Every structure is written in C-alpha cells, then in structure tokens.
Amino acid sequence: MSTFIDLYNYWIFIFLMMVGFYIVISQGNLVKKIIGLNIFQTAVFLLYISMGKVKGGTAPIIMAGDVSYSNPLPHVLILTAIVVGVATTALAMALIIRIRKAYGTIEEQDIHEQDASL
Amino acid sequence: MINIILLGFLAVVAIAVAMMRDLFAIVMLFGIYSLLTAGIFVSLDAVDVAFTEAAVGAGISTILILSTLALTSREEKQPTHSFLLPLLVVLVTGATLVYGTLDMPAFSDPEAPVHQHVAPHYLNQAEQETGVPNIVTAVLASYRSYDTMGEVTVIFTAGIAVLLLLSAFRHHEDEASNLNDLSHHPVLRYIARLMIPFILLFALYVQFHGDYGPGGGFQAGVIFAAGFILYGLVVGIDKTRQMFSESKLHWLMASGLLLYIGVGIVSLLLGGEFLNYNVFAADPLKGQHWGIFLVELGVGITVTATMISVFLAFSEVRRSE
C-alpha cells in the first residue's frame with residue numbers, strides 16, 4: 001500500500017504515456033498520430049515536474065523567512081520544452097498539409113497504397 | 001487531493017481521445033487536456049511551466065491543429081488492421097516502465113537524489129549571485145543560458161521550416177481567408193476586442209516582471225502571440241497582415257535570436273566568458289540584471305514573431321488546388 005501511495009503519480013504518467021504511444025502506433029490518421037505524440041510528450045513533462053516536487057515546498061520564488069522550495073531545475077527544462085514542442089508540432093502540421101496536397105489524403109494506409117502502386 | 005482528481009480527469013480525457021473518431025472533437029478534448037495539465041503543474045509548484053502550458057497547449061497548438069483540419073479532413077477513417085498487436089506492445093512497454101518505477105524515490109520525497117546535486121546551490125545562492133528572486137528565471141536566463149539559446153534557435157529554425165513548407169501554397173490577395181468566419185459573430189467580436197488590450201498588457205507584465213514573479217520571455221511570447229492570434233481570428237487575417245507584414249515578422253524572428261547571441265558576444269568582448277553577464281557593469285549584480293533583461297527580451301521577440309508568422313502561414317494556405 002505504501003508503494004502505491006509513493007508511486008501512483010508515476011504510474012498515472014506511464015498510463016498517459018502508453019495511451020499516447022498506442023495512438024501513435026495504432027491509428028492511421030496523421031493528425032491523430034501527432035495528437036498522440038503530444039499526449040506522450042505531456043506525460044514526460046508531468047513526470048519531470050513531479051520529480052521536482054518537494055513535500056511542503058512551494059514555487060521556487062525566493063521569499064523572506066524559512067521556506068522550503070520545490071526543485072527549479074525540472075521547471076526550467078520543461079518550460080522551454082513546451083515552447084519547442086509547439087514549434088515542432090507546427091512543423092508536423094505543415095508537413096501534413098504538404099502530404100495532403102501531394103497525396104490528397106492524410107491516412108497512412110492510403111499513402112502506402114499510392115506509393116506501392118507507383 | 002486536487003492532484004488526484006485532476007490526474008483522474010486527465011486519464012479519462014486521454015482515453016476519450018484514443019477512442020473517438022471525430023478529429024474536431026479530439027482537438028477540443030486535447031485543449032482541455034492541456035488546461036488540466038496546466039492545473040496539475042500549479043499544484044506541483046511549477047507556476048512558470050503552468051503559464052506556458054496554458055497559453056501554448058490550450059491556445060496556440062489547438063488553433064494550429066484546427067487550421068490543419070480545415071485544410072485536410074475532419075473525419076478519421078476506420079483503421080483496417082487489428083488492434084491486438086499495438087495493444088500488446090503498449091502493455092509490455094507499460095509493464096516494463098512500471099517495473100522501472102519501483103526503484104524510484106517516493107513522490108515528493110525531499111531526500112530524493114534529484115534534489116541533492118545543483119538544486120540546493122540554485123536555491124541558496126541564486127539570489128546573491130544574480131539578484132533575481134524567481135529561481136526559474138535565474139537558471140533559465142543566467143546559469144543555463146547556453147541551453148536556452150539552443151532552444152530559441154530550435155524555435156526559430158522550426159518557424160523557418162514551416163514558412164518554407166507552406167509558402168508555396170499561399171493564396172492570393174483576392175481570395176478570402178478560410179479562418180475569417182468568426183468576424184460575423186458580433187458578440188464574440190465585441191468581447192474579444194475588449195479582451196485583447198488586457199491580454200497584451202498582461203503579456204508585457206509577464207515579460208518584464210519575470211524576474212520577480214512567475215514569467216519570462218517564453219511565457220510572455222506565447223501570451224503576446226495568443227493575443228494577436230485572437231485578433232486575427234475575430235477581426236480577420238488581412239487586418240493582422242496589415243499590422244505585421246511578412247518582412248517585418250521575419251526581421252523580428254531573427255532579431256530576437258541575434259539579440260541573444262549579441263549579448264553573448266558583447267560579454268566575450270568585455271573580457272568575460274560567453275554569456276557571462278557579470279562583466280556588463282562594475283557591480284556584477286547590475287550586469288546580471290542587464291544580461292537577463294536583454295536575453296529574456298530576445299526570447300520574447302523571437303517566440304512572439306515565430307508564433308504569429310506560423311499562424312499567418314497556416315491561415316493563408318489555399319484550401320484547394
């Protein structure tokens with residue numbers, strides 16, 4: 001039981017990560033694949049941020065008095081990763097639009113069939 | 001307790017995304033998912049991260065995916081192959097990861113190894129060394145500013161790549177933009193117009209108050225861009241284009257990054273290491289203050305300009321051949 005209370009947070013992140021992974025490998029629609037990848041990515045963000053949490057701590061902005069703070073380092077890493085994430089998502093969407101213009105579809109299977117029939 | 005409820009919601013939304021076929025609904029759910037994530041970040045003390053996630057996930061990336069849907073198709077086709085193999089792969093991977101967590105330190109344990117190495121130095125020394133009470137800003141813009149420069153470069157490069165990919169399909173001036181539909185809703189239009197000045201003012205506050213409270217260049221950049229994207233949605237793409245011509249945006253995208261690199265080069269010329277701000281003034285704290293201010297400004301400019309020009313590039317793609 002104590003293992004569960006200590007680790008349930010990580011398990012939920014693993015669950016979310018696996019849902020994202022499942023969407024990426026099982027679905028044929030390219031937009032949906034990217035959304036799955038984003039869910040996967042968010043699960044990694046949550047894992048990092050929750051590793052930085054300290055019991056009884058607060059946001060790492062220095063205040064007067066004897067206060068305990070959560071670890072700021074994961075916050076920095078993930079903060080920049082989120083903005084990089086939206087930039088790469090935009091790139092993926094631009095590629096999807098180009099694929100649609102070239103093949104007339106964004107379903108993986110149809111694209112493979114068109115490639116095979118060439 | 002709040003944490004558990006939010007995590008539960010998150011799991012439900014993720015499953016719904018996996019099950020549903022209507023891509024429009026999925027994108028909306030994904031926006032909710034991002035907002036919930038931002039809530040969890042707040043409860044885990046990561047206020048700066050929550051800021052960014054709320055503006056990016058629930059705002060900008062939702063709009064980008066929606067405009068992709070407008071250009072492609074809304075419905076997903078039923079996959080023909082079996083679900084069993086992917087499910088098996090996922091279950092095995094998940095089980096391996098759960099097995100891996102058994103060696104992890106307990107959640108929120110103050111004795112965990114991750115809290116023993118550099119974090120105590122940042123928490124104890126950063127205010128004396130940089131004069132910035134928000135440790136996240138101090139680490140982002142001063143201790144690890146190499147890192148941040150790399151991230152800004154990645155954002156700039158991704159923005160350029162999007163513009164290159166989509167520029168071949170720009171529609172001509174006489175065609176109507178496809179995201180222009182909202183301008184016919186008077187209520188939306190009025191409310192949004194009331195909100196936009198406050199969003200922009202808030203972005204400025206986040207930019208310049210980032211040393212003392214949650215905020216900084218990345219957050220301000222995305223909030224600023226979200227304000228202008230809202231403007232573009234309710235007032236029209238053409239009006240937004242009049243405000244930001246293509247060359248102006250491209251110039252801004254590059255100038256933010258160049259400002260960042262320039263700060264590093266100036267610090268080299270003044271005899272310090274690359275991006276060592278102590279040499280900017282006789283008092284190292286003053287030097288740090290200037291360095292962090294300029295670097296954050298560079299980040300803010302590049303992020304804002306990249307997000308706005310990516311949005312405009314998406315909304316100006318011709319709908320059909």
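None of the figures in this text is laboratory data; all of them are computed from the coordinates on show. Here the structure is a predicted model, which means the values were calculated and not measured. FYI the Cβ positions are ideal-geometry reconstructions off the backbone, even for glycines, and counts take in every protein chain you see.
Percent of alpha carbon pairs in chain B separated by more than 27 Å? The calculated P(r) of chain B puts 55 percent of pairs beyond 27 Å. Seen against the Cα atoms of chain A and their longest principal axis, helix A:72-103 is set at about 10 degrees.
Between A:Tyr69 and A:Thr58, the built amide H atoms are under 5 Å apart, and every one of these is 5 or more places off in sequence or on another chain.
Please give the net charge around B:Tyr33, taking every other residue with its beta carbon less than 15 angstrom from that of B:Tyr33, where Lys and Arg add +1 and Asp and Glu add -1. After counting each charged neighbour, the total is 0. Report summary: the helix-based calculation at 222 nm, which adds -39500 (n - 2.57) for every DSSP H run with n ≥ 4 and divides by the residues of chain B, gives -23000 deg cm²/dmol. Per residue of peptide B:204-215, the mean number of Cβ atoms on other chains within 10 Å of the residue Cβ is 1.
Expressed as a fraction of 2.2 N^0.38 Å, the C-alpha radius of gyration for the range B:1-140 is 1.39. Counting Cβ atoms of other protein chains within 10 Å of each residue's Cβ and taking the mean over peptide A:26-38 gives 6. For the range A:13-118, the list of trypsin sites (Lys or Arg not before Pro) that fall in a loop by DSSP and count at most 14 other C-beta atoms within 10 angstrom reads A:Lys55. Applied to the range B:134-139, the Karplus parametrisation 6.51 cos²θ - 1.76 cosθ + 1.60 on θ = phi - 60° returns per-residue 3J(HN,Hα) values of 7, 5, 4, 5, 4, 5 Hz, with x for Gly and Pro.
Charges were assigned to the Cβ only: +1 to each Lys and Arg, -1 to each Asp and Glu. The resulting dipole of the protein assembly as shown about its Cα centre is roughly 780 debye. Compared with the rule-of-thumb size 2.2 N^0.38 Å for a compact globular protein, the protein assembly as shown has a Cα radius of gyration ratio of 1.01.
Comparing mean-square fluctuations of A:Ile25, A:Ile34, A:Ile14 from a GNM of chain A with C-alpha springs under 10 Å, the top value falls on A:Ile25. Straight-line cross-link partners of A:Lys53 among the aspartates and glutamates, defined as a Cα under 17 Å from its Cα and at least 8 positions apart when in the same chain: A:Asp6, B:Asp45, B:Asp48, B:Asp109, B:Glu111. Per-residue shielding of B:13-20, expressed as the average number of other chain Cβ atoms within 10 Å of the residue Cβ, stands at 5. In order along the range B:235-243, phi translates into HN-Hα couplings of 9, x, 5, 5, 4, 5, 5, 5, 6 Hz, rounded to whole numbers, per the Karplus curve 6.51 cos²θ - 1.76 cosθ + 1.60 with θ = phi - 60° and x for Gly and Pro. Qualifying chymotrypsin sites (Phe, Trp or Tyr not before Pro) in the range B:40-125, where qualification requires a DSSP coil assignment and no more than 14 other C-beta atoms within 10 Å, comprise B:Phe83.
Overall, chain A carries a charge dipole of about 240 debye about its Cα centre when +1 sits on the Cβ of Lys and Arg and -1 on the Cβ of Asp and Glu, all other atoms neutral.
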